[in-house]
């Protein structure tokens with residue numbers, strides 16, 4: 001299927017993106033929570049533009065709905081960078097989606113923004129619970145992505161009218177959208193964690209990740 005091919009290309013681009021930005025000082029500071037506004041803005045712009053790229057890599061249906069992994073970028077940004085970074089990234093991806101119009105214009109734009117903010121709040125909650133900088137575990141990130149995409153579908157049903165057409169769109173895209181974004185977020189987070197440990201980006205390395 002075309003959307004699967006496009007997903008593979010998008011994941012490859014994500015790997016390249018992470019490898020390019022991970023050695024950069026602004027990336028280190030964002031992950032360690034000592035970034036100033038210019039660092040956060042740089043992070044937001046990069047991941048926000050990647051969200052836009054994900055939209056263009058999507059498969060457009062006759063209804064105007066787009067099967068895509070646009071939500072992946074704000075989810076990742078929020079889960080590793082916090083609420084401001086997640087919200088900023090979501091705003092770029094969401095506002096861009098809004099101007100593309102289409103049947104699901106409003107709910108899809110709103111979903112991308114809310115997903116980025118929610119991901120950032122999850123990251124903040126984890127740090128406060130642990131008392132240190134720590135990423136969400138990959139399996140919990142996958143579950144989070146599933147829940148967020150189901151909420152995305154819920155927003156489509158809530159806002160898109162007529163309801164019958166909205167329901168048909170959700171039936172068409174729910175499985176592929178959920179699967180694609182879940183795979184993207186899981187692999188992206190796994191890669192970022194791996195790069196953070198290898199390059200000593202974080203100020204700590206968890207005991208279970210050290211050799212015994």
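The values are calculated or read from the model by the stated rules, or taken from the named source; none is laboratory data. Note that this is a predicted model, so its numbers are computed, not measured. Here the Cβ is made from the backbone with ideal geometry for all residues, glycine too, and neighbour counts use every protein chain on show.
Here is the figure for the stretch 103-118: residues that are more than 17 Å from the chain's Cα centre (by Cα) and not in a loop (DSSP other than H, G, I, E, B) total 2.
Only one entry of 172, 112 meets the criterion of being in contact with a helix residue (DSSP H, G or I) (Cβ under 8 Å, 6 or more places away or on another chain) and either in contact (Cβ under 8 Å) with a residue 12 or more places away in the chain or farther than 29 Å from residue 36 by Cβ (or both), and that entry is 112. How many residues, within the stretch 29-67, are closer than 26 Å to residue 150 by Cα and assigned to a loop (DSSP other than H, G, I, E, B)? Selection size over the stretch 29-67: 7. Among the residues of the stretch 73-102, the ones that are closer than 22 Å to residue 174 by Cα and outside any helix (DSSP H, G or I) come to 3 in all.
The residues of the stretch 9-18 that are surrounded by 12 or more Cβ atoms within 10 Å (Cβ to Cβ) and farther than 14 Å from residue 67 by Cβ, listed by number, are 11, 13, 14, 15, 17, 18.
The selection criterion, being buried (at least 17 other Cβ atoms within 10 Å of the Cβ), in contact with a helix residue (DSSP H, G or I) (Cβ under 9 Å, 6 or more places away or on another chain) and modelled with pLDDT of 90 or more, holds for residue 30. How many residues, within the stretch 36-59, are at pLDDT below 90, touching a helix residue (DSSP H, G or I) at 6+ places or on another chain (Cβ under 6 Å) and buried (at least 19 other Cβ atoms within 10 Å of the Cβ)? Here the count works out to 0. Only one of the numbered conditions (1) assigned to a helix (DSSP H, G or I); (2) within 19 Å of residue 177 (Cβ to Cβ); (3) at pLDDT 90 or above is not met by residue 70, and that is (1). Filter the stretch 112-126 down to residues that are surrounded by fewer than 24 Cβ atoms within 10 Å (Cβ to Cβ) and closer than 16 Å to residue 182 by Cβ, then give me how many there are. Going through the stretch 112-126 one residue at a time, the tally reaches 2.
Restricting attention to the stretch 122-138, the residues that are within 19 Å of residue 186 (Cβ to Cβ), assigned to a helix (DSSP H, G or I) and in contact (Cβ under 8 Å) with a residue 12 or more places away in the chain total 3.
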